[in-house]
Amino acid sequence: MTEKITLEITNETGRIDAVLAKKSLPYSRTVLAEWLQDGHIVVNQTQVKRSYKVNSGDLITILPPAVQNTEIIAENMSLDIIYEDNDLLVVNKPQGMVVHPAAGHTSGTLVNALLYHAPLSTINGSFRPGIVHRIDRDTSGLLMVAKNDKAHQALSEQLKAHKNERIYYALVRGEFSEDSGTINAPLARHKVDRKKQAVQAGGREAITHFEVVTRYVGYTLLKIRLETGRTHQIRVHMTYIGHPIIGDPVYGSAQKLPHVTLNGQMLHAKTLSLTQPTTGELLTFDSALPSYFTKALATLIPIIQHD
């Protein structure tokens, strides 16, 4: 469905994203939020932020982006499935694999492989079936995937309410004097490079907690827990505090390691917890650091600390 939708505000009040979520629209709240950010939803012909408070008489126009007619083909590809039941599955995505089809990537994605393996939820449309949350192409690790719409809605609500534990391991440039800390810095689309995110006043709340795992000469291995899940959050936050992730070509100026060839940022989604939508059982999953990560760590010199 790509037709324009026009809505007139009468007695509704509050933020535009919340108002739209209550409407009977054929799009998920996540999709609508992205369209607000990208200017596909305007008020009185003017682009607004998600925090915009609607007024009586406002005319909201939804202009869905053009949908490619490319059919997403199920492909028989290897999947590292950590867990699966009738509602969901948890998959360990390798570094270098795109999560879902997009311009330039209509095959070889995680979604192509998932469609061959099992039925998926339809909430996010034909290009992102089953995808509740994403990790970047060159980030490895755990993702939860919904197999039906009811499960998708429940898992999305858990994310929104910050009820999931998501722990990443990251190798960053530089040494830390502190053992742990919290980065609370709002994120928004970069004002110049629209493909990037940046710390900006007035952006969406973004909170990242970190803890030192191992100190190396010139580098630090961090355990990072997301409180919020903004696009590129960890990568932007670590660069913001002066410790870019090694191998990050976008936010870290392609920080390198001597004698190691890297194919992307040293960032792995290691631990994931969720509540099973039907049974209510708390499920926690953990994945070992992949070989590209452990081989890189083996080239570094640990700092021996004395009590």
(request) Using only the alpha carbon atoms of region 143-301, find the Kirkwood hydrodynamic radius as the inverse mean reciprocal pair distance, in angstroms to one decimal. (result) 16.8
(request) Round to the nearest 0.05 the FRET efficiency obtained for A102 and I304 when R0 = 45 Å and r is the Cβ-Cβ distance. (result) 0.45
(message) Can you give me the distance in nm between label points at E175 and T61, each placed 7 Å from the Cα along the Cα-to-Cβ direction?
(response) 5.9
(message) If I take the Cα coordinates of the chain and project them onto the principal axes, what are the three extents in Å, biggest first?
(response) 67, 44, 39
(message) Using DSSP to call loops (not H, G, I, E or B), can you name the GluC sites (Glu not before Pro) in region 99-177 whose Cβ has at most 15 other Cβ atoms within 10 angstrom?
(response) E165, E175
(message) Charges at C-beta only: +1 for Lys and Arg, -1 for Asp and Glu. How large is the resulting dipole of region 54-196 about its Cα centre, in Debye rounded to 20?
(response) 500
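Determine the sum of side-chain charges near Y168: Lys and Arg each +1, Asp and Glu each -1, restricted to other residues whose C-beta is under 14 angstrom from that of Y168. If you can, show how the numbers build up before the last one.
Values: positive: K93, R134, R166, K223, R225, R230, R235, K270; negative: D136, D138, E165, E211, E227, D248, D286.
Its environment carries a net charge of +1.
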(message) Please list 3J(HN,Hα) in residue order for region 196-206, calculated via the Karplus relation 6.51 cos²θ - 1.76 cosθ + 1.60 where θ = phi - 60°; whole Hz, with x for glycine and proline.
(response) 10, 10, 8, 6, 8, 4, x, x, 6, 4, 9
(request) Over 31 Å between C-alpha atoms is what I'm after, so list which of K150/K270; K4/K191; K147/K256 land there. (result) K147/K256
(message) Give me a comma-separated list of calculated 3J(HN,Hα) values for region 275-287, in order, Karplus coefficients 6.51, -1.76, 1.60 applied at θ = phi - 60°, integers in Hz, x for any Gly or Pro.
(response) 9, 4, x, 8, 8, x, 6, 7, 10, 10, 10, 9, 10
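How large is the dipole of the chain about the Cα centre if only Lys and Arg carry +1 and Asp and Glu carry -1, each at its Cβ, rounded to the nearest 20 debye?
720
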(request) Mind listing the long-range amide H neighbours of T109? Cut-off is under 5 Å, sequence gap 5 or more, other chains count too, H placed in the peptide plane at 1.01 Å from N. (result) none
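Per the helix-only calculation at 222 nm, which mean residue ellipticity applies to the chain, given -39500 (n - 2.57) for every DSSP H run of n ≥ 4 and division by its residues, nearest 500 deg cm²/dmol? Show your work: numbers first, answer last.
Working: 6 runs with 51 residues, N = 307.
So the helix-based figure for the chain works out to -4500 deg cm²/dmol.
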(request) Over the alpha-carbon set of region 42-93, work out the extent along each principal axis and list the three values in angstrom, largest first. (result) 51, 27, 20
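Read the figures in this text as sums done on the coordinates, not as results from a lab. These numbers come from a predicted model, not from an experiment. Every residue, glycine as well, gets a Cβ built from its backbone with ideal geometry; the counts of neighbours run over all protein chains shown.
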